[in-house]
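The values are calculated or read from the model by the stated rules, or taken from the named source; none is laboratory data. All values derive from a computational prediction rather than experimental measurement. Positions of Cβ are generated from backbone atoms using ideal geometry, with glycine treated the same way; all protein chains shown enter the neighbour counts. Remember, those area values only see protein heavy atoms, side chains included, never the ligands or the DNA or RNA. Shrake-Rupley method; radii C 1.70, N 1.55, O 1.52, S 1.80 Å.
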Amino acid sequence: MLLFQVILTRLFSIAQFYHFVFLIISIAMLGYAVSGVVLAFRPRIQPDQALPLFEKCAVGATITLLASYLILNYLPFDSFSIAWDSRQLALFCLNYLALSLPFFFSGLALGGLLGAFPEQAGRMYAWNFLGAGLGCLGGLALPGWVGGEGVIVACSAALAFCALPSFEQFILSNRLDKGKAALKAWTHLLAILLWLIFCGAELIARYQGRTLVSALELRLSPYKSLSYALQYPDAVRLWQRWNAFSRVDVVRSAFIRSVPGLSFKYLKPPPPQDGLFIDGDQLSPLLRSTADLSFVEYLPQSVAFWLRPQGRTLVLEPRGGMDILLALHQGAQSVVAVEANPLVVETAQKIYRQPKVVTFIEDQRSFTRRTSEQFDVIVVCLTDSFQPVRTGAYSLAEDYRYTLESFSEVIQLLKPDGVLVFNRWLQKPPSESLRAFATIVEVLEGQNLNPARQVVVLRGYALATFVVRLQPFTESELATIRRFAESRAFDLIYAPDFREEETNRYNVLVESLYTPAFQAVLDARSRHAFYDTYPYDVRPATDDQPFFTHYFKWSQIRQTLAEFGQSWQPFGGAGMLVVVGLFGFVVGLGALFVGLTMWLVRKSLPISTEAYQNSSIHPGNRSVSSVNRMETKFDRAAGVYFTAIGFAYLLVEVALIQRFQLYLAQPAYAVAGVLFSLLFSSGMGSLNAGRIGLRWVLPLLAVWIFTSGWWMKMLFSETMAFPLSARIVLMTLTVAPGGFLMGIAFPGGLRFWFSENTHRSWLPLIWSLNGAASVIASVGAMLLAINFGFSFVLGCGAILYATAGIMVWEKEGLFALLRR
């Protein structure tokens with residue numbers, strides 16, 4: 001099931017606009033929590049009942065896994081239209097509950113085995129975590145072989161394999177059962193074998209680049225760039241490949257024309273090009289021929305080569321390679337290209353293998369930490385598609401390339417007279433470009449430099465182009481920039497000596513929107529007041545809050561609600577509102593889950609008390625009233641304890657996944673790596689829960705989490721330049737101690753609070769409180785991170801574990817002892 005979780009992040013990234021890691025974890029926790037409550041209510045499963053239950057659950061998981069994928073694919077939740085289409089709420093509930101069913105059945109299967117064979121718990125835990133490890137590896141390796149859809153088929157085949165009866169069991173059942181029972185057993189076996197044969201054939205076909213069932217093909221959001229491109233009359237998909245963290249498509253059409261920022265003074269048509277798409281979006285042009293590159297002289301980033309002709313150039317994330325060709329055409333002495341995706345380099349290999357080009361297949365942040373080279377020109381390429389600020393489509397996406405820390409690293413690679421250039425999209429009112437400017441301003445100020453004299457910003461039709469130096473621009477350099485802008489019809493947004501009439505000459509606006517906002521950011525004394533009053537959040541993104549395209553402010557709520565039902569893009573966009581809506585949904589679901597469990601527990605209490613009184617272990621010296629009182633009274637401290645550790649575990653898990661995206665470069669690596677490390681080490685902790693006292697585990701755990709910001713900062717700083725495999729090993733080793741301690745909290749708590757037979761009737765409620773807290777915390781972690789940062793989320797996790805520790809110390813009377 002861990003493989004299913006990992007691949008769901010990839011499917012969400014492609015079909016929607018975000019990987020939704022926090023949502024997938026919440027879905028999984030709901031399924032596991034419900035299975036735990038169901039098992040807690042039913043009598044103990046006997047050994048002869050366990051294997052039939054396991055097989056039935058495996059069949060249920062096989063069917064619901066495939067069904068939930070088809071529901072997600074053909075009845076997807078559309079966050080864009082939720083403002084005016086109430087059906088999307090029903091679709092979201094359907095998606096959420098359907099995806100939780102495979103996790104419910106898998107939790108029921110494992111829980112049944114653990115209940116029936118407690119003496120084999122260690123061996124079952126070991127095999128379970130071995131499977132989790134293989135699932136993580138499969139989530140990284142299998143997409144490159146059989147694609148994302150093929151991984152779904154592989155998950156279904158693995159579950160179906162678990163549903164096969166053992167040979168001895170099948171022979172025995174046929175000897176004992178006659179007639180319909182024997183026919184049922186044979187039908188069951190035949191159906192599973194046929195399904196396994198189909199899955200095998202489909203996986204072979206997908207390995208060969210085809211499919212037997214087109215209904216399994218992943219359907220993309222109609223708002224994605226690839227969906228638009230495939231609607232062109234002559235569109236042909238030339239190529240599609242998967243790897244661990246992306247899907248790359250190449251589409252050919254005469255209608256594809258993508259040259260962001262091209263001056264309208266270039267009068268010829270752009271050269272023929274194909275479209276390169278990452279995860280169904282982020283269109284990057286892929287030139288079919290490099291014979292005529294005159295058009296690159298009319299791109300705004302060419303200004304850097306007017307200032308530094310024949311310079312040594314660093315191009316970061318060039319994708320289809322247009323900026324590499326631009327640098328070569330403009331006379332660059334040499335070009336170092338840093339591209340994180342090997343499929344992109346393979347697709348555009350003719351460009352990446354040019355004689356003057358040295359290519360590194362590496363994440364930008366890893367390269368900038370590792371290299372000691374300096375460059376005359378650094379180009380940070382525009383890789384994102386244009387998105388109106390009101391859509392909020394990418395507002396949840398983490399982008400560690402545009403944080404304060406990232407730009408601080410990049411400008412350190414400039415030679416003393418070097419030039420940094422990059423483009424960002426223009427929106428009205430200014431948002432993306434204004435945040436980029438604020439980021440550069442604060443980076444330069446952080447190094448005791450003067451941004452007012454070291455930044456120039458040009459404006460074209462849809463792009464703002466930033467030109468940055470470590471030293472003040474000279475008069476001759478400013479004159480060169482003006483000649484370039486005039487010859488290419490670009491306006492100035494800002495320059496050290498700009499004149500008002502230069503800001504609105506060519507791409508004429510009704511009023512000058514950008515220059516006043518940029519000037520307000522430059523004034524350090526009133527900057528924060530400007531941030532507070534501006535309609536969008538344009539403060540610089542940081543590694544702790546890397547949401548560069550998140551502009552939502554809570555002050556937008558009133559207008560947003562007023563526009564619901566009136567506009568398909570309400571003010572403030574969809575991203576943050578989707579998370580808020582998800583949080584409200586899971587809170588309501590958790591409350592319903594806990595309330596229903598409490599009602600069932602109270603209803604069953606008289607039966608439980610009578611059984612306890614009549615049992616052979618009933619202590620004769622206790623009165624009936626004492627028994628009734630002990631059985632019917634819920635220990636609130638225990639409720640607080642299990643609720644706290646449920647919240648804390650998921651807050652820490654989600655925050656660690658998000659933080660390690662920076663360290664491991666890709667969400668897929670972070671999800672697979674952190675989940676495996678946490679689950680494996682937590683399993684080891686669970687096995688040792690009886691040997692280590694909670695009184696020391698929980699304080700140690702709180703300290704580990706509180707200091708995580710310090711040790712992660714040190715780890716990232718010292719080892720970011722290491723190879724990816726080494727970083728994965730280091731991540732596993734650093735996360736494992738905390739995971740081990742976190743794994744002790746739940747089973748250790750059960751032993752601590754329910755060591756006696758009394759109060760055991762309340763165990764289903766304990767399961768539901770812990771499960772509901774986990775479901776809510778998965779979404780709440782993201783909501784907190786967007787508003788306060790990942791460090792804050794980890795701090796909340798530490799406080800909650802400390803709260804659980806206080807409950808234990810209070811129960812043991814340690815506080816009373818200390819007061820004496």
inquiry  = Applying a 10 Å radius around every beta-carbon, put 521-528, 147-154 in order of their mean neighbour count, most first.
reply    = 147-154, 521-528
key: Distance (nanometres) between label positions extended 7 Å along Cα→Cβ at Arg525 and Ser86   = 5.4
query = Ordered by residue, what ³J(HN,Hα) values in Hz, to whole numbers, does region 330-342 give under the Karplus form 6.51 cos²θ - 1.76 cosθ + 1.60, where θ = phi - 60° and Gly and Pro are x?
reply = 7, x, 4, 4, 7, 10, 9, 9, 10, 10, 7, 9, x
query = Ignoring ligands, DNA and RNA, how do Asp281, Asp376 rank by accessible area with a 1.4 Å probe, largest first?
reply = Asp376, Asp281
note = Per the charge dipole of the chain (beta-carbon charges, Lys/Arg positive, Asp/Glu negative, Cα centre), the residue among Gly261, Thr719, Thr371 reaching farthest to the positive end is Thr719
message = Could you put Arg370, Arg319 in order of accessible surface area, largest first, with the 1.4 Å probe and the full protein assembly present?
response = Arg370, Arg319
query = Which of the peptides 642-653, 104-115, 347-358 is most tightly packed, and how do the rest follow, judged by the mean count of other Cβ atoms within 10 Å per residue?
reply = 642-653, 104-115, 347-358
request  = Any chance you could list P(r) for region 681-820, counting all Cα-Cα pairs in 5 angstrom bins from zero, rounded to whole %?
outcome  = 2, 9, 14, 18, 21, 16, 10, 6, 3, 2, 1, 0
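Based on the Cβ-Cβ distance from Arg257 to Trp710, what FRET efficiency comes out when R0 is 41 Å, to the nearest 0.05? All intermediate terms of the calculation are to be shown ahead of the outcome.
Numbers: r = 50 Å, r/R0 = 1.22.
Plugging the Cβ-Cβ distance into 1/(1 + (r/R0)^6) gives 0.25.
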query = Ignoring ligands, DNA and RNA, what accessible area per residue does region 1-219 give at 1.4 Å, in Å²?
reply = 46
task = Beta carbons within 10 angstrom, averaged per residue: use that to sort the peptides 762-774, 483-495, highest first.
result = 762-774, 483-495
ask   = Quick one: Karplus J couplings for region 153-163, per residue in order, coefficients 6.51, -1.76, 1.60, θ = phi - 60°, nearest Hz, x for Gly and Pro?
value = 4, 5, 4, 5, 5, 4, 5, 5, 4, 5, 7
query = What value, in deg cm²/dmol to 500, does the helix sum -39500 (n - 2.57) over DSSP H runs of n ≥ 4 give at 222 nm once divided by the residues of the chain?
reply = -19500 deg cm²/dmol
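What whole-number value in Å² describes the accessible area per residue of region 296-539 for a 1.4 Å probe?
36
Return the Rg/Rh ratio of the chain with Cα-based radii and a Kirkwood Rh.
Radius of gyration over Kirkwood radius for the chain works out to 1.01.
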ask   = Which is farthest toward the positive dipole end of the chain among Val455, Pro52, Leu522, measuring Cα position about the Cα centre, with Cβ charges +1 (Lys, Arg) and -1 (Asp, Glu)?
value = Pro52
ask   = Any idea of Val146's accessible area? Nearest 10 Å², probe 1.4 Å.
value = 20
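Using 0.36 nm times the number of residues separating Ser289 and Val358, minus their current alpha carbon distance, what extension gain do you get? If you can, show how the numbers build up before the last one.
Details: separation 69, 0.36 × 69 = 24.84 nm, distance 2.06 nm.
My answer for the length gained is 22.8 nm.
Contact order normalised by length for region 1-219, with contacts defined as Cα pairs under 8 Å and 6 or more residues apart; what percent is it?
In percent, rounded to a whole number, it is 29.
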note = Here region 431-439 yields Karplus 3J(HN,Hα) values (6.51, -1.76, 1.60; θ = phi - 60°; whole Hz; Gly and Pro given as x) of 9, 4, 5, 5, 5, 4, 5, 4, 5
query = Mean 1/r over all different Cα pairs, inverted: what Kirkwood radius does region 1-219 give, in Å?
reply = 18.7
note = Violations at 32 Å Cα threshold for listed pairs Lys268/Lys415; Lys224/Lys428; Lys224/Lys265; Lys224/Lys553; Lys350/Lys428; Lys56/Lys811 -> Lys268/Lys415; Lys350/Lys428; Lys56/Lys811
request  = Round to the nearest 10 and report in Å² the accessible area of Cys162, as given by a 1.4 Å probe over the protein chains' heavy atoms.
outcome  = 60
message = From the protein chains alone at 1.4 Å, what is the descending order of accessible area for Tyr669, Tyr641, largest first?
response = Tyr669, Tyr641
message = Compute the angle between helix 47-74 and the longest alpha-carbon principal axis of the chain, please, reported from 0 to 90 degrees and rounded to the nearest 10.
response = 30
task = Name the residues whose placed amide hydrogens come within less than 5 Å of the amide hydrogen of Ala541, ignoring near sequence neighbours (fewer than 5 apart) on the same chain.
result = Leu404
query = For region 296-539, treating each Cα as an identical point scatterer without solvent, what Debye log10 I(q)/I(0) comes out at q = 0.08, 0.12, 0.16, 0.17 1/Å?
reply = -0.29, -0.67, -1.23, -1.40
remark   = In whole percent, the fraction of accessible protein surface over the chain that belongs to carbon or sulfur atoms, probe radius 1.4 Å, stands at 63
remark   = Pseudo-spin-label distance Ser512 to Lys633, built 7 Å along Cα→Cβ, given in nm, is 7.6
